[in-house]
Amino acid sequence: MPVVLCNCGDCNMRRSLLVWLVAAHGLLISAATQSWSAYAFTSIADSSGAFLDFNTPSVNSSGQVAFRASLDNGGGGVYRGQGGALTTIAETGSTYQGFQYQTPGIDANGNVAFTAVRRPEGGGGEGVFIGNGPSTTIHILTPTTTAPQPGDFAGAAAVVMNDEGTPAFAGAFVGPPLQGIRAGLYVGTALVANDFGAFASFADSLGRGLDVNNHNAVVFKAARDDNSSGIFVVGAGGLATIADTSSGDFASFNFSVPAINDAGDIIFWAEPQPFVDALFTSSAAGGGQPLVFLDGSGPFAHFGKSPAINNLGQIAFDAFLDGTGVGNGIFTGMDPSSDAVVFYGDPLFNSSLATATVSNQSINEAGQIAFHYVLANGLSGIGLATPLPQGDSADFDGDQDVDGADLLIWQRGVAAGTGSAATGDANGDHDVNGQDLAIWKQQFGQANLAAPVPEPAAWWGALSMGLWAAAAARRERCA
C-alpha cells in the first residue's frame, strides 16, 4: 500500500481514517493498562551548576535516567540520576578524552552503556563501555592497538542497551587486506550485519539510528550501495526490510532513530514526500506496509525524529503544533489537548518550557518519560515525567457498576497474578492481588463508574480488514 497519498477528497478521508485507526489502536492498548490525567515532573540535572549542556536521555524500568552532558570546565561525562544526587558513570580525565555521540543506554539494573575515546594512558582508542560508577566500568569492545587483523573491532558510534544488559551499536572493523575499515552492526560483541553486501553504512552522521529489544532484535537505519536508505530489523528471524526509499513510498529517513519493543512493534520517523514528515508504525514480524501513525494533516506540524515505544505499546514523541510558530512539546498520542505531557509555555521547574525533546529510549513500562528541556529563563536540563493515576476502578466488566460479576473476574485473575483492568487489576499496577479486592469491597454497589477499556484485539482485527479494503479501493481510484 503506497504511503504517498493523493489529495482527492476520498483519499484525504481515508487517510484521516487510517491515522485515526492506528492511533486509536495504540491509545487503547495504553488505556487498557493505565489511565493518566497529569504528570509529576522531576528535574534530574540542570545547567545552573557545573553542567553546560545535555543530550537526550534514556530511562530504565525503575525510573533511573542516563544522560551525557558537557561541563562548564570544557570536559564532559556520562551520568545517572533519579532525582537527588547524581551518579557519575565516567568523566573526562586521565582515562577518557571525550564521550561520543548521543544518548547512552541503561539496563534494568542501572548499568549504563556509552561510547568514549580513551587517552593513550587510559588504553587508547574509541570503544564501547558499560559502567555502574567510575570504579566499575568495563569495556565491551576496544580497538586492537597493535597489528590489527581482519575482523578486529576498530571503533563505535552511539550505543543502546536493553533491560537485560545487552548493548547494540553501529561500529567499524578491520576489513580484508586492501579493503581498509568496514562498517558493521553489533549486538554485544557479535557482528550481526556488515557492509560487504547491499549495505553501505549504518546509523547516521551523528552515530544514531538503532534500538534493541530484550530478544536482541535490532531495528536500525541504514544506507545501501544503490544510494537508497531505509529502516531494517535483524534478529532471530534474520534480516527484514521495514521501509525503504527504493519502494517509492518514502522520500527520506534522514536522522531517523527508530524504536522497537519486545513484541516487535516498531515506530519511526520518515518523510513520505520531500519536506513532509510523519511517524509510522510497523512490526518486525512483517506482513504489510508501515502504517501512518501521525502526520501533518492534523494538529501536528513537525515531529521529532526519535519517537519511543515501551512494551505496553505506549509511545512518546516530541512535536510542533500547527500555527504555534515557536516551541514544541512532548506527546503520547494524537490529541494535543489530552495527550500532551508538557508543551511550550507550560510552567516547569520555576520557569516555563521553551523546548523539549525525547530519545527513542525515553519511555519505560510505568509510562515515565525522560526528556531534555530548555526553559524560558535560559536553563537547560534533564527531566523525568511520572504519570499520576486518575483513580481506581473495580468495574472490571465495564457495565458501569461494581457487583458480584466483577468479583468473579477478580477471582479468575488473581490465580494468574498479573493482568489488566479487564482481568481484575483495579489500581493499574499490572498485578491482580488483595489490593484490588480491597478496592472492589470499597466500591461494591456503586454505579456509573468509569469502566476499564476493553482489550482491543478483537475489534482491531475487524477494523484492520476494513482499513486494508479501503486502501485497496484508494489504490484503484488513485492509479
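The values are calculated or read from the model by the stated rules, or taken from the named source; none is laboratory data. Being a predicted model, the structure only gives us computed values, none of them experimental. No Cβ is skipped: glycine too gets one built from the backbone with ideal geometry, and neighbour counts run over all protein chains shown.
Before moving on, here are some points about what is shown:
- Given (1) under 22 Å from A190 (Cα atoms); (2) outside any strand (DSSP E or B); (3) of a type in the set (A, V, I, L, M), number of the condition A263 does not satisfy: (1)
- Unique residue being surrounded by 15 or more Cβ atoms within 10 Å (Cβ to Cβ) and without any contact (Cβ under 8 Å) to a residue 40 or more places away in the chain when the list is S252, S246: S252
- Scanning the range 116-137 for residues that are modelled with pLDDT under 90, assigned to a strand (DSSP E or B) and either closer than 16 Å to P57 by Cα or not hydrophobic (A, V, I, L, M, F, W, C) (or both) yields R118, G125, E126, G127.
- Within the range 262-313, tally of residues that are out of contact with any Pro (no Cβ under 7 Å at 6 or more places or on another chain), under 14 Å from S359 (Cα atoms) and crowded, with 23+ Cβ neighbours inside 10 Å: 7
- Matching option when the condition is surrounded by 15 or more Cβ atoms within 10 Å (Cβ to Cβ), at pLDDT 95 or above, in contact with a strand residue (DSSP E or B) (Cβ under 9 Å, 6 or more places away or on another chain) and not in a loop (DSSP other than H, G, I, E, B), among A23, A90, A69: A69
- Every pair of residues 6+ apart whose Cβ atoms lie under 9 Å, when the first sits in the range 175-189 and is surrounded by 11 or more Cβ atoms within 10 Å (Cβ to Cβ) while the second is among the hydroxyl-bearing types (S, T, Y) and at pLDDT 80 or above: A183/S201; V187/T166; G188/T166
- Residue match in the range 408-428 (condition: more than 25 Å from E365 (Cα to Cα), modelled with pLDDT of 85 or more and part of a helix (DSSP H, G or I)): yes
- Only one entry of V257, V233 meets the criterion of being under 22 Å from S61 (Cα atoms) and either modelled with pLDDT under 90 or of a type in the set (V, I, T) (or both), and that entry is V257.
- Filter result for A471 (under 30 Å from the mean Cα position of the chain (by Cα), closer than 14 Å to G391 by Cβ and either of a type in the set (G, A, S) or modelled with pLDDT of 50 or more (or both)): no
- Tally, over the range 341-356, of residues that are in contact with a Ser or Thr (Cβ under 8 Å, 6 or more places away or on another chain) and either of a type in the set (A, V, I, L, M, F, W, C) or assigned to a strand (DSSP E or B) (or both): 2
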